[in-house]
Amino acid sequence: MKKKIIKIIIFVFIIVIIFCLDKYYKFSDYLTDISNLLFLKKIVNDNILIALLVYIAITVVGCVLLALPGATFALFAGVMFGPFLGTFACLIATTIGAVLAFLVGRFFLKDTVKPMVEKNKTLKRLLFSDDNKNDLVILMITRIIPIFPYNLQNFAYGITDINLLKYTYLPLYS
């Protein structure tokens, strides 16, 4: 119980710090001002490496903290970097964001949410089976069928018993 309280305090502390930093530095204002898009386009033309690193950082934060839809990042990458480099940048950034969201779900949500989910016998059998045969099937079905938002799935898989390597690299286990 003490471990859960510490995790909740850490989580709330991180969220408060992020909101305070946003209030002070006004990061969210950059997302709503069209002149900033032109500024970012200038950065892309001046130094593509810094622009890619900034894009990756923004996307990872958006995936983990804001759970924004992946289409947002893909469109932004396409506008900023073009179709080929934008696709590559989006792939790298959203993969890092998905893995970090998985780890956040594993660290902050597993102790709290897993006991509630295990009360449902069907979910317990599908998500927390001892043989781990269902892991890949559930992962593939939920990724292919767009019922659940992709970014929320990343957090949800963190509460399951699926291995991080299996979650990130499916061909390794085929």
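The values are calculated or read from the model by the stated rules, or taken from the named source; none is laboratory data. Please read all numbers here as calculations on a predicted model, not as lab measurements. Here the Cβ positions follow ideal geometry from the backbone for every residue, glycine too, while neighbour counts run over all protein chains shown.
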Restricting region 22-61 to residues that are in contact with a Phe, Trp or Tyr (Cβ under 7 Å, 6 or more places away or on another chain) and at pLDDT below 85, the residue that is surrounded by the most Cβ atoms within 10 Å (Cβ to Cβ): Val44
On the given criteria, is Gly70 surrounded by 15 or more Cβ atoms within 10 Å (Cβ to Cβ) and either touching a residue at least 60 places away in the same chain (Cβ under 8 Å) or closer than 30 Å to Ile162 by Cα (or both)? yes
Going through region 73-106 in order, the residues found to be of a type in the set (A, V, I, L, M), surrounded by fewer than 18 Cβ atoms within 10 Å (Cβ to Cβ) and without any contact (Cβ under 8 Å) to a residue 40 or more places away in the chain are Leu75, Leu85, Leu91, Ile92
Yes or no: region 25-32 includes at least one residue that is in contact (Cβ under 8 Å) with a residue 24 or more places away in the chain and outside any helix (DSSP H, G or I). no
Scan region 65-93 for residues that are assigned to a helix (DSSP H, G or I), under 22 Å from Ile18 (Cα atoms) and at pLDDT below 90 and report the count. 5
Might you check whether a residue that is in contact with a Cys (Cβ under 7 Å, 6 or more places away or on another chain) and among the β-branched types (Val, Ile, Thr) occurs anywhere in region 94-106? yes
